[in-house]
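Below is one structure, written out as structure tokens, with a few remarks after it.
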Amino acid sequence: MKSVWRRVFGPFYISVAMLLLSLPAQSAEVEGVRLWRAPDHTRLVFDLSGPAEHKLFTLSGPHRVVIDVADTRLAAQFDDLELDNTPIARVRHGRHNKKDLRVVLDLKQQVKPRSFALRRHEDLPDRLVIDLHDRVQSEEKTLQQVGGERDIVIAIDAGHGGEDPGASGPGGLREKDVVLAISKKLKAALEKQPGFAARLVRSGDYYIPLRGRVKKGREMRADLFVSIHADAFHRKDARGAGVYAVSSRGATSETARFLAQRENESDLIGGAGSLNIGDKDDTLAGVLLDLSMTATMNASLDIGASVLSRIGGITHLHKKQVEQANFSVLRSPDVPSILVETGFITNPREARHLRDPSFQRKMARALSDGIVAHFSSRPPAGTWLAANPGKGERRHTIGRGDTLSGIAARYNVSVSALKRLNGIDSSVIRVGQTLTIPSG
Ligand SMILES: [Zn+2]
């Protein structure tokens, strides 16, 4: 039996083997293509079936970007790309040197292109990323108010974005969308507060490398950098919000370590290749970072505690203290920074909250109240709030253990004025209820 089998199929096997040998070993396919628009650049991502070498060059008259991907076939469509509001007018493709894929981007305007490869990561394939920089992003200046008293600037960093969706929950709920919605609501809440200005580090669906986020916070001269996340855990019953500050010593809990590791992987997914930071400075920068870190670490823990107490009024807390772990996005030597995990997107109950605009608003208000409370008690020198003590905070969300008399004493107002303004008849107050604080 065996010899018959071999006699019949043997030659066939040999010819298949020869065919495989004659095929190039590295042959790849472009299996998908996606496009993201950021304020200062447009990102084009090719999903590859395997790693492939590429070359990029530009031509002028008219302006074009040409990408040659070695030994690769196109198995995707360029037709569905949304090119409005990008510098790309049209995408063409053809073969080059018989085996290579040539993609030509016809441009509406001149751009500064940059490209890099991202290696396969978890369920994401090998990718080729092309960034077309078309705008020099104007550095946001701190608002200087008349009289020289400045606003307290809060940099709000919505985690993930674009190529990096972050964690995902039931019904295709994506962390990057939830945290952007909460961030925008937080900005709106903070800007209602006298003496505060808020800026979004990410304002749309695009990726910013972790170090790029930190850099933006510093360019904004932020008094606080808040990174907003909604995380995932392998156990579905993991629940609760948490506040994290950076620690170079290690994590205070297993979850903190797990989350930091997860968040730090963002650049592998979203792509950090577009950020050029001279690596030679890294050692020195690292030493300076660790030295100056201690000062901002204490401030971060204080702000974190203030924020945590307000969040505790509206949702379950994962831990009652600010947790510490080595989150890359929090490693800024001179800007106090916290990371807020607004809930577990993998927990069905919390996912329902996180996608609900009214919960998002409550969360944003609690965050804003915690931030404002901290800076009201310790306004930085030179700010409007330092010159106008007691006038900053206009609202207070009731946390566990709050009493009317305690709140009145804290803001230096009378209990009766507080009750009158908020239409309270008895002395019963609810956790999570927001009170307006009388001025003066
Ligand atoms: Zn995250």
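Side notes on the structure shown:
- Listed by chain and number, the aspartates and glutamates whose alpha-carbon sits under 15 Å from that of Lys362, ignoring those within fewer than 8 places in the same chain, are Glu341, Glu350.
- Entry comment: accessible area of region 169-213 is 31 Å² per residue, from protein heavy atoms only and a probe of 1.4 Å.
- Residues in region 126-135 carry Karplus couplings, in order, of 4, 9, 10, 10, 10, 9, 10, 8, 10, 9 Hz; the curve used is 6.51 cos²θ - 1.76 cosθ + 1.60 with θ = phi - 60°, and Gly or Pro positions show x.
- Solvent-accessible area per residue for region 395-440 (1.4 angstrom probe, square angstrom): 57 Å²
- Along principal axes, Cα extents of region 29-161, largest first, whole Å: 69, 42, 24
- Carbon + sulfur, % of accessible area of region 65-114 - ligands and nucleic acids excluded, 1.4 Å: 41 percent
- Positive minus negative residues near Gly271 (Lys, Arg vs Asp, Glu; Cβ under 10 Å): -2
- Protection proxy ranking of 205-213, 119-127, by the mean of other Cβ atoms within 10 Å over each peptide's residues and highest first, is 205-213, 119-127.
- For the peptides 406-413, 98-105, residues were scored by their other Cβ atoms within 10 Å and the scores averaged per peptide; the highest-first order is 98-105, 406-413.
- Solvent-accessible area of Glu53, all protein chains in place: 140 Å² (probe radius 1.4 Å, heavy atoms, ligands and nucleic acids excluded).
- Intensity falloff of region 152-377 expressed as log10 I(q)/I(0), Debye formula with alpha-carbon point scatterers, at q = 0.10, 0.13 Å⁻¹: -0.39, -0.68
- Environment charge at Val201 (Cβ cut-off 9 Å; Lys +1, Arg +1, Asp -1, Glu -1): +3
- Rounded accessible area per residue of region 28-134, 1.4 Å, Å²: 51 Å²
- Which of Val428, Val214 is most accessible, then next, and so on - probe 1.4 Å: Val428, Val214
- With 27 Å as the limit, the listed pairs Lys112/Lys185; Lys192/Lys419; Lys176/Lys319; Lys108/Lys185; Lys108/Lys187 have Lys112/Lys185; Lys108/Lys185; Lys108/Lys187 beyond it between alpha carbons.
- The charge dipole of region 294-343, taken about its Cα centre with unit charges on the Cβ of Lys, Arg, Asp and Glu (plus for the first two, minus for the last two), comes to roughly 120 debye.
The values are calculated or read from the model by the stated rules, or taken from the named source; none is laboratory data. These numbers were taken from a predicted model, which means no experiment stands behind them. No Cβ is skipped: glycine too gets one built from the backbone with ideal geometry, and neighbour counts run over all protein chains shown. Each accessible area value is taken on the protein alone, full model and side chains, heavy atoms only, with ligands, DNA and RNA left out. Shrake-Rupley method; radii C 1.70, N 1.55, O 1.52, S 1.80 Å.
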